[in-house]
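Every number here is computed from the coordinates shown, using simple stated rules; none is lab data. Here the structure is a predicted model, which means the values were calculated and not measured. In this analysis, Cβ positions are derived from the backbone assuming ideal geometry, glycine residues included, and neighbour counts consider all displayed protein chains.
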Amino acid sequence: MTAATIGAMTADEMIDLCKRHSIYEWSAQSAINPIPVAKAKGVYFWQPDGKRFIDFNSQLMCVNIGHGDERVIEAIKRQADTLPYANPFMATEVRARLGQVLSEITPGNINRFFFTLGGAEANENAIKAARLYTGRHKLIARYRSYHGATAGAMTLTGDPRRWANEPGISGVLRVFDPYQYRCNFCKLAGSCTLDCLNHVEEVIMYEGPNTIAAIFVESVTGTNGIIVPPDGYMQGLRSLCDKYGILLVCDEVMSGFGRTGEWFAVDHWKVVPDLISMAKGLTSAYLPLGALGMKEEIAEAFHSKVFAGGLTYNSHPMSCATALATIDVYKQDNLIENARKMGEVLKREMAKLIEKHPSIGEARSIGLFGIVELVRNRKTKEPMAPFNGTSPEMTKLAAFFRENGLYTFVRWNNFFTNPPLCITEEQLMEGLDIIDRGLEITDQGVTG
């Protein structure tokens, strides 16, 4: 195929060749039914036949600035004309500028960055950095978590995608989450007691504080439920880590870069982690890039000690240029402020849908990072589909969204509300109208 023929495929041809010659992720290949995508702009994308979708998930919670921003595209072109690649032992202008810009927007004294091509690689190198810096081996992570599909990141991951990849790396321990809607710690108390922090400390005590290198958390849990921690939780983790000399690692791969209405989700609680991983919104996924940010004192430890990590595409000039342009767009278009503003609209409208639709158990969101959890019975909180499973109602809901031009993730008994940060109130209402009509399907599954 020549470059001249690209864009000439029909939807059926596109799907047929993709299925014939490529492997799709997290799926039995016989079950794959991909949406063919020909172009995208703003909060929308189109099939080759012209059918339009509103992107209510920013693809993989990553196209934060919206599709097809010409400022970023032009920056990519300029860099391609100037310097498409330099190996990671070299210095480039875009690498120099990006490190400086990131040091200005990351929390506290996080001033040094190890660049990768994605979030999983950033978390892999966080594992290395934590173990090398502390001289300890064990790592604490949570059950409702996802940190990536590479060996170490997958072992940190709590959700069922981990199971088929076990056994993984050694030394990973797991604790429960601050999941208020289904909390086992304070469900009898009637309100949040933050007893989940006592649980974390108990695990630390039984495992030996001097053996634990780091606690890994998504500042706001992503694909496992958009679990927003109660106030005091992140501060409590920071205190526990300080008490026992454990590093706090915040995975901001999904929640970073304005998604929650702050540069990073951890900023909501004025907590400074020791290490912070990022990707996705860093370039708005226009090109691959991830990074691991380190506090200055951790980075200084590698002044004379070897940092045992390396990647051919570390600090790739094309990706660095993309990140610089993307960060400029966040600033120029006030996208973080818009995420806060539209996040309030999302909360307001979801409250109306909760009143109308008995199948909604809870709608959780912070900024434009949201999820709707569906149940058969609000009193018992019986989920509309089982953990790691589906149901006829959820299958029909997913089909309804697709038929009516709304793209988002439908997973277990949840669906997500994560549109690009450039979305307007009118566009938000367009997506919510489709959701409103679709929920009539799951309302029929309510039993009490």
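Using 0.36 nm per residue of separation minus the Cα-Cα distance, give me the extension gain between residue 378 and residue 429 in nm, one decimal.
15.8 nm
Going down the table (187/381; 187/379; 187/356), which pairs top 20 Å between alpha carbons?
Numbers: 187/381 12 Å; 187/379 13 Å; 187/356 26 Å.
Those over the limit are 187/356.
Straight-line reach from residue 41: which lysines have a Cα under 26 Å away, not including same-chain ones fewer than 8 places off?
19, 51, 77, 280, 331, 341, 347
Just grab the label-to-label distance for residue 404 and residue 8, each label 7 Å out from Cα along the Cβ direction, in nm (one decimal).
3.9
With the calculation restricted to Cα positions, what are the radius of gyration and Dmax of the chain in angstrom?
21.9, 66
Quick one: order 425, 393 by neighbouring beta-carbon count within 10 Å, fewest to most.
On the way: 425 13, 393 20.
Going from least to most buried by this count: 425, 393.
May I ask you to compute the full-extension gain from residue 143 to residue 193, defined as 0.36 nm times their residue separation minus their alpha-carbon distance, rounded to one decimal in nm? Walk me through the numbers on the way to the answer.
Values: separation 50, 0.36 × 50 = 18.00 nm, distance 1.97 nm.
That works out to 16.0 nm of additional length.
For the chain, with the dipole built from +1 on Lys and Arg beta-carbon atoms and -1 on Asp and Glu ones, taken about the Cα centre, which of 353, 306, 397 lies farthest toward the positive end?
Projecting each Cα onto the dipole axis, the largest value belongs to 306.
When the convex hull of the Cα atoms of the range 70-332 is projected onto a plane and the area is averaged over all directions, what value comes out in nm²?
Numbers: hull surface 56.5 nm².
Over every viewing direction, the Cα hull of the range 70-332 projects on average to 14.1 nm².
Looking at the chain, do any whole DSSP H helices span at least 27 angstrom along their long axis by alpha carbon and average -0.5 or above on Kyte-Doolittle, and which? Before the final figure, lay out each step's value.
Numbers: long enough: 335-356 (31 Å, -0.48).
Length and hydropathy pass: 335-356.
Work through the residues other than residue 223 whose Cβ is under 15 Å from its Cβ and net out their charges, Lys, Arg +1 and Asp, Glu -1. Please report the intermediate quantities before stating the final value.
Details: positive: 142, 144, 161, 162, 259, 280, 364, 411; negative: 25, 159, 177, 218, 251, 252, 373.
Surrounding charge for residue 223 is +1.
Nearest 500 deg cm²/dmol is fine: what mean residue ellipticity at 222 nm does the chain get from its DSSP H runs of n ≥ 4 alone, each adding -39,500 (n - 2.57), divided by its residue count? Walk me through the intermediate numbers first.
Working: 13 runs with 162 residues, N = 448.
For the chain, the value works out to -11500 deg cm²/dmol.
Taking the Cα centre of the chain as the origin, how large is its charge dipole in debye, to the nearest 20, when only Lys and Arg (+1) and Asp and Glu (-1) carry charge on their Cβ atoms? Please report the intermediate quantities before stating the final value.
On the way: 46 positive and 50 negative charges, 125 e Å.
It comes to approximately 600 debye.
Using +1 at the Cβ of each Lys and Arg and -1 at the Cβ of each Asp and Glu in the chain, identify which of 120, 286, 424 lies farthest towards the dipole's positive end.
120
What is the antiparallel percent of DSSP beta bridges lying wholly in the chain, to the nearest 5? Spell out each step's value before the answer.
Details: 31 of 48 bridges.
Of all bridge pairs located within the chain, approximately 65 percent are antiparallel.
Can you compute the modelled spin-label distance between residue 387 and residue 128, with each label point 7 Å from Cα toward Cβ, in nm?
About 3.4 nm, to one decimal.
Based on Cβ point charges of +1 for Lys and Arg and -1 for Asp and Glu, what charge dipole magnitude is obtained for the range 20-132 about its Cα centre, in debye rounded to the nearest 20? Can you show the working numbers first?
On the way: 13 positive and 11 negative charges, 11 e Å.
Its charge dipole is roughly 60 debye.
Under the 0.36 nm per residue contour assumption, what length would be gained going from the current alpha-carbon distance of residue 96 and residue 437 to full extension? Don't skip to the answer; put the middle values down first.
On the way: separation 341, 0.36 × 341 = 122.76 nm, distance 4.96 nm.
Full extension of this stretch gives 117.8 nm more.
What share of the DSSP beta bridges in the range 70-332 is antiparallel, in percent to the nearest 5?
Numbers: 10 of 25 bridges.
Roughly 40 percent of the DSSP beta bridges within the range 70-332 come out antiparallel.
How high is the relative contact order of the chain? Use alpha-carbon pairs under 8 Å, at least six apart in sequence, and give a whole percent. Display every interim value, and only then the final one.
Details: 861 pairs, mean separation 89.2, N = 448.
This gives 20 percent for the chain.
Treat every Asp and Glu Cβ in the range 66-140 as -1 and every Lys and Arg Cβ as +1, leave all other atoms uncharged, and give the resulting dipole magnitude about the Cα centre to the nearest 20 debye. Kindly include the intermediate steps, with their values, before the conclusion.
Working: 10 positive and 8 negative charges, 102 e Å.
With only Lys, Arg, Asp and Glu charged at Cβ, the dipole is about 480 debye.
Most exposed first by the Cβ proxy, i.e. fewest other Cβ within 10 Å, how do 263, 46, 163 rank? If you can, show how the numbers build up before the last one.
Values: 263 22, 46 16, 163 9.
Fewest to most other Cβ atoms nearby, the residues stand as 163, 46, 263.
Identify all lysines with a Cα-Cα distance to residue 138 below 26 Å; exclude those on the same chain that are fewer than 8 residues away in sequence.
Straight-line reach from residue 138, under 26 Å: 128, 243, 295, 305.
Taking the alpha-carbon centroid of each part, what is the distance from the range 338-393 to the range 423-448 in angstrom?
Cα centroid to Cα centroid, the span is 10 Å.
Under 8 Å for C-alpha pairs, at least 6 residues apart: give me the relative contact order for the range 128-217, rounded to a whole percent.
Numbers: 125 pairs, mean separation 33.7, N = 90.
Taking the mean separation of contacting Cα pairs over the length of the range 128-217, I get 37 percent.
Just to be sure I understand the model, the point goes 7 Å from the Cα along the line to the Cβ. What's the resulting residue 348 to residue 51 distance in nm?
Those two pseudo-labels are separated by 3.3 nm.
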